[in-house]
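Have a look at the structure below, then the notes.
The values are calculated or read from the model by the stated rules, or taken from the named source; none is laboratory data. Treat the numbers as computed from the prediction; the structure is a model and nothing was measured. Cβ atoms come from the backbone with ideal geometry, glycine included; neighbour counts cover every protein chain shown.
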Amino acid sequence: MKTTLSCFVLLLISPAFAVAQDPALRAQAVQLLERANGLSMSPQLPDLERTDVFHVLDTSSPVKEGTFTRVVLQGVGRREETIYGDFHVVDVWTKNGLISTRKSEMFPLDVQRVLRITPIDLVRFDDSDVIRAIVEKAGAQGLKLRCIEFNTVRGQKIDDNEICVNAADGTLVSETLSNELIEYSDFFPFAGEFVPAKIAYSLNGVRKLEITQTVTELKDSTDNVLAAPPNSVERLYCKTYRRAIGQSMPQPKAGYGGRDIDVAVRGVIQTDGSVAEALVDNADRPELASEALALVKQWKFSPALCDGRVNQEVATFIVHFHGR
């Protein structure tokens, strides 16, 4: 599965092998998904303000609320502000570069998830996806769905996935990808596209996030919204960039006849090639999370280069557990 926009570096993902499938069925699935994507992509966006209010659901603590706001002046720049507990960051992009109040490249995991799935998580099929069937299903409140059932095959790991669209208007309703479920509802029109007003995110069958989203056109905007926020600094803006390259990446010991499990860890590759601020992003088996985290902290890289100079890089590291 391939996202249409990617902000993260994915490392150590095994290539998929070819699996026979019905070409006509795959073409139909691609058409359904491309139509859903097209409905949520505007041909020309105006100046706008988008606000996401999100609630983090955790049974071990009270519900926590956060906000993410993006103001865009088309062709001029944009301003983003994220507030979540003690975490408060403002980023301002203009033609001159990036001005930011952030102290680290890493955002809290809950914020990372919000940014990944808003305004909508548009994906596309690639060679790792094998279409099994397109079926009719009933959704919430009697909604009729058309659901694409497919496998994503990477090495010896096979995920059973499903993408559902509204049979009436073609908009994206849900994505079940590995152990994640993203649900979109209450779509509203904006500048020729359809935007979901409500988003729900679940992991391993447990609801983790609920998001309410609004988008409005800015008709009287000025460049003042792009003014440098207090206590901000200019950040490096790269004209040429080279990703970090793995040098030493110890792997977990293989098991004996168990499943193949992936654990996703996020962290910052430092200018000395070490990994800092590492945390577990997504684990098919939570009991393997601490082992994956300990391994990634040992990994070494040739650091990223920004205009020929060493630079930090936020990355997602996929640790493969074979036969565990």
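Would you please name the residue that is modelled with the lowest pLDDT, looking only at residues in the range 292-307 that are surrounded by fewer than 17 Cβ atoms within 10 Å (Cβ to Cβ) and not in a strand (DSSP E or B)?
Looking at residues that are surrounded by fewer than 17 Cβ atoms within 10 Å (Cβ to Cβ) and not in a strand (DSSP E or B), I get 307.
In the range 160-181, what count of residues is obtained for those that are in a strand (DSSP E or B), β-branched (Val, Ile, Thr) and in contact with a Leu (Cβ under 9 Å, 6 or more places away or on another chain)?
Of the residues in that region, 3 qualify.
Is there a residue in the range 28-47 that is in a strand (DSSP E or B), touching a residue at least 40 places away in the same chain (Cβ under 8 Å) and surrounded by 15 or more Cβ atoms within 10 Å (Cβ to Cβ)?
Within the range 28-47, none of the residues are in a strand (DSSP E or B), touching a residue at least 40 places away in the same chain (Cβ under 8 Å) and surrounded by 15 or more Cβ atoms within 10 Å (Cβ to Cβ).
For the range 86-105, which residues satisfy the criterion of being touching a strand residue (DSSP E or B) at 6+ places or on another chain (Cβ under 6 Å), acidic (Asp, Glu) and either farther than 16 Å from residue 68 by Cα or part of a loop (DSSP other than H, G, I, E, B) (or both)?
Once the filter is applied, which keeps residues that are touching a strand residue (DSSP E or B) at 6+ places or on another chain (Cβ under 6 Å), acidic (Asp, Glu) and either farther than 16 Å from residue 68 by Cα or part of a loop (DSSP other than H, G, I, E, B) (or both), the range 86-105 yields only 105.
Would you call residue 179 in contact (Cβ under 8 Å) with a residue 24 or more places away in the chain and farther than 22 Å from residue 55 by Cα?
no
Here are 206, 195, 215, 173: which of them is over 30 Å from residue 78 (Cα atoms), β-branched (Val, Ile, Thr) and under 23 Å from the mean Cα position of the chain (by Cα)?
None of the other options fit; the residue is 206.
Considering only residues that are on the phi > 0 side of the Ramachandran plot and surrounded by 12 or more Cβ atoms within 10 Å (Cβ to Cβ), which ones fall in the range 221-265?
If the condition is that a residue be on the phi > 0 side of the Ramachandran plot and surrounded by 12 or more Cβ atoms within 10 Å (Cβ to Cβ), then no residue fits.
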